[in-house]
1. How would you order 90-97, 67-74 from highest to lowest mean count of nearby Cβ atoms within 10 Å?
2. How large is ³J(HN,Hα), in whole Hz, for each residue of the range 102-108 in order, when computed from phi with the Karplus curve 6.51 cos²θ - 1.76 cosθ + 1.60 and θ = phi - 60°, using x for Gly and Pro?
3. For the range 42-49, what does the Karplus curve 6.51 cos²θ - 1.76 cosθ + 1.60, with θ = phi - 60°, yield as ³J(HN,Hα) per residue in whole Hz, taken in order and with x for Gly and Pro?
4. Show the residues, 5+ positions off or on another chain, whose built amide H is closer than 5 Å to the amide H of ASP49.
5. Listed highest first by mean packing, meaning other Cβ atoms within 10 Å per residue, what order do 52-65, 15-28, 76-89 come in?
6. Give the residue from SER36, ILE80, PHE101 lying farthest towards the positive end of the charge dipole for the chain; charges sit on Cβ (+1 for Lys and Arg, -1 for Asp and Glu) and the dipole is referred to the Cα centre.
7. Tell me the per residue accessible area of the chain using a 1.4 Å probe; a whole number in Å² is fine.
8. Which of the lysines could a cross-linker bridge to LYS18, judged by Cα under 26 Å and excluding same-chain residues fewer than eight apart?
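The values are calculated or read from the model by the stated rules, or taken from the named source; none is laboratory data. Everything numeric in this text was worked out from a predicted model, so none of it was measured. Neighbour counts run over all protein chains shown; Cβ positions are idealised from the backbone, glycine included. Surface areas here come from the heavy atoms of the whole protein model, side chains and all, with no ligands, DNA or RNA. Shrake-Rupley method; radii C 1.70, N 1.55, O 1.52, S 1.80 Å.
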Amino acid sequence: MTEKKNFYQIVRLENTWKNVDPEKEAVIGQRLVLVSERAATLFISQYIDDIEMFEYARYAIDPGENIIDLKDLRIIHPRILDSEGRPFAYQAGIRVFAAGFEEMTADSSMVPAFFLQV
């Protein structure tokens, strides 16, 4: 059995802190940039620290560059420090696949924005 070559490529995943209130919640915005050789429907799930926050949803793409704004990820009562007293980092990412093709992933580590404002 031969593997099918993916017809799309993830260019980058942009994770940004949209709102951080250490007492209530933190919100992460996700934007996916990818290029595709053809029009298709992709399935994308979103996760934080390997916990699926949104199950796979369908997204239509066109040939060329595609910019997809995904659903906001909310963290209720965000963790501030790890067990050693350092700023806690969240791993926010996505899983992407097209029917009959291998899954691709992208993620990045993020420290809550209130540590960056110091």
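1. Details: 90-97: 19.2, 67-74: 14.5.
Descending packing order for the listed peptides: 90-97, 67-74.
2. Ordered by residue, 3J(HN,Hα) equals 5, 6, 10, 10, 8, 7, 8 Hz.
3. Karplus values, whole Hz, x for Gly and Pro: 9, 10, 10, 10, 10, 8, 10, 6.
4. Under 5 Å from the amide H of ASP49: GLN91, ALA92, GLY93.
5. Numbers: 52-65: 12.8, 15-28: 15.6, 76-89: 11.3.
Sorting 52-65, 15-28, 76-89 by mean packing, highest first, produces 15-28, 52-65, 76-89.
6. SER36
7. Details: 7240 Å² over 118 residues.
Accessible area per residue, the chain: 61 Å².
8. Within the straight-line cut-off, LYS18 pairs with LYS71.
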